[in-house]
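Worksheet: one structure, shown below.
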Amino acid sequence: MRFSVNCLRYNSRTTNLKSQKDRSLKPHCNVGTIGHIDHGKTTLSAAITTILARINASDKSNTTLAMSYEDIDKAPDEKARGITINACHVNFETSRRTYAHTDCPGHIDYIKNMICGANQMDAAILVVAASDGQMPQTREHLLLARQIGIKHIIVYVNKVDLVDEETVELVELEIRDLLNEFGFEGDSTPFVCGSAKCALDGVNPEIGEESILELCKVLDEYVPDPIRDIDGTLFLPLEAAFSIPGRGTVAIGTIEAGTVTKGQQVELVGHGRQMKATVSDVQVFKRSVPSAQAGENVGVLLKGVKPNFIERGMVLAEKGTAKQLDTFHAQIYVLTGREGGRKKPVTNKYIQQTFSSIWTINGCVLLNEDTPLAMPGDTCSVRIWLRKPMVIKQGQRFSMRENQFTSLTGVMTAEAESHEEQLSGFNYTPLAVSSFLTEAQISKGRSSK
Ligand SMILES: Nc1nc2c(ncn2[C@@H]2O[C@H](COP(=O)(O)OP(=O)(O)OP(=O)(O)O)[C@@H](O)[C@H]2O)c(=O)[nH]1
Ligand SMILES: [Mg+2]
């Protein structure tokens, strides 16, 4: 008997590949749309699947399923509020590759979801409406893309049906400058100009359908096949879990390194908890497979594990290979007001929501004694204390956010010793720190901006 992951929104948006054999035929790539609210990210996602499904209709092995705008944006709360609030995954296939595509939300309130969705992208499609040009979230998403290490950006200048050619050219120049400003190669970044709506509605093919085909060609040619750490040690950050009565718990995530195999002994680590488990089934694209490897989104059936044991951001790894830490050394950069960050300096014991990989937890910045303040624009060495131990590796990036903006970004540089020792230099005890991490303190921290 197979287990099905249909009940999860995540996988219900994922089309089927027909068999495990198909899945190994073509390289796989994770992409997604980013950009300002209402610039057409969801329309573009729907247009790509619709056009590719139609064009490949006679090719029985092609797995692209047409997804309408409503299919992608259908959760009731999204309809009610008129905005996307969850990252949504769809799949499409070109003659060269299979793609898992994430439609990232545009609204600043939901940037948290974007961080989690975009984290898995090998390349991002930045959607910019020609009628608006760059907007605040165009900048913020590019900044986040930079922080989470997305190397390849392709720009789709949308809504060209609403403006003249000169405006499109100006928008292109402006966005190339912006890409350079954020450390991408603005001059050589591919731009595709078109109208996702015309493509979806089947009108004006020269700016509609042709622009979508051009975009797919650019994706195939510009984005190199991702190098997956297939031979590495299994590392699978978990996004969600649910139970199948009588069978066990299914944990869902995208494998970052290594291979997960039926029958394998694994360990669940994170949020200060740890547990051994056995993999009793592995599912990719809703099909049971003997094993799955780095880069693939999987459902892993675990016997004897309660679903509420698993929390987003926990890691499924080989026994003894994933370490959780509550304190670590880091190099941070405090964003300036111009970059959308703070206008005031970060002080010792600054506490905010900390995002890394796919987890979110309260974290406290412990400044060194010789650095009483970290000014916007400063880079400095600090220690980070997390409310609960989490799996974080050397070189892993993280960011901290206040209410509506990213205040600092950092990289984990080394493990730190036990936090008692860490905190002794700051003359307060772990207990004092725990009480410091109350909601009231956090809101106070927020209002200090
Ligand atoms: N004229 C025109 N309208 C478009 C085009 N593409 C999208 N739209 C319209 O722009 C509006 C926003 O499109 P969405 O696809 O929802 O934009 P989004 O970026 O996904 O928005 P959020 O998810 O809320 O950030 C909708 O009314 C679309 O019909 C286009 O090429 N031309
Ligand atoms: Mg949308």
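Brief remarks on what is shown
- Residue selection: S211 fails the criterion of being in the same structural domain as A66 (by the TED database) and in a loop (DSSP other than H, G, I, E, B).
- Options I37, I48: the member that is within 16 Å of ligand 1 (Cβ to nearest atom), open to solvent by less than 30 Å² (accessible area, probe 1.4 Å), at pLDDT 50 or above and of a type in the set (V, I, T): I48
- Any chance L65 is assigned to a loop (DSSP other than H, G, I, E, B), away from ligand 2 (no atom under 16 Å from the Cβ), at pLDDT 70 or above and open to solvent by 10 Å² or more (accessible area, probe 1.4 Å): yes
- V160, sole failed condition from (1) within 13 Å of ligand 1 (Cβ to nearest atom); (2) under 21 Å from K217 (Cβ atoms); (3) open to solvent by less than 10 Å² (accessible area, probe 1.4 Å); (4) modelled with pLDDT of 95 or more: (3)
- Output for the range 331-353, where each listed residue is under 25 Å from G149 (Cβ atoms) and either outside any loop (DSSP other than H, G, I, E, B) or outside the structural domain of F405 (by the TED database) (or both): Q331, I332, Y333, V334, V346, Y350, Q352, Q353
- Residues of the range 241-265 that are within 15 Å of F309 (Cα to Cα) and surrounded by 20 or more Cβ atoms within 10 Å (Cβ to Cβ): A241, G248, T249, V250, A251, I252.
- Matching residues in the range 170-208 - criterion: being in a loop (DSSP other than H, G, I, E, B), within 10 Å of ligand 1 (Cβ to nearest atom) and either open to solvent by less than 10 Å² (accessible area, probe 1.4 Å) or of a type in the set (S, T, Y) (or both): G194, S195, G208
Residues are listed down the side, and each one gets a yes or a no for (1) within 11 Å of T249 (Cβ to Cβ); (2) outside any loop (DSSP other than H, G, I, E, B); (3) of a type in the set (A, V, I, L, M, F, W, C):
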residue	(1), (2), (3)
A277	yes, yes, yes
S280	yes, yes, no
S288	no, yes, no
A292	no, yes, yes
G295	no, no, no
V300	yes, yes, yes
V305	yes, no, yes
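- If you go through the range 225-263 and pick out every residue that is over 19 Å from the mean Cα position of the chain (by Cα) and at negative phi, you end up with 16.
- Count - residues of the range 274-320 that are on the phi > 0 side of the Ramachandran plot and surrounded by fewer than 16 Cβ atoms within 10 Å (Cβ to Cβ): 2
- Failed item in (1) out of contact with any Cys (no Cβ under 8 Å at 6 or more places or on another chain); (2) surrounded by fewer than 17 Cβ atoms within 10 Å (Cβ to Cβ), with Q331 passing the rest: (1)
The values are calculated or read from the model by the stated rules, or taken from the named source; none is laboratory data. Bear in mind that the values here come from a model prediction, so they are computed numbers and not experimental data. So basically every Cβ, Gly included, is an ideal-geometry build from the backbone, and we count neighbours across all protein chains shown. Only protein heavy atoms, including side chains, enter the accessible area calculation; ligands, DNA and RNA are left aside. Shrake-Rupley method; radii C 1.70, N 1.55, O 1.52, S 1.80 Å.
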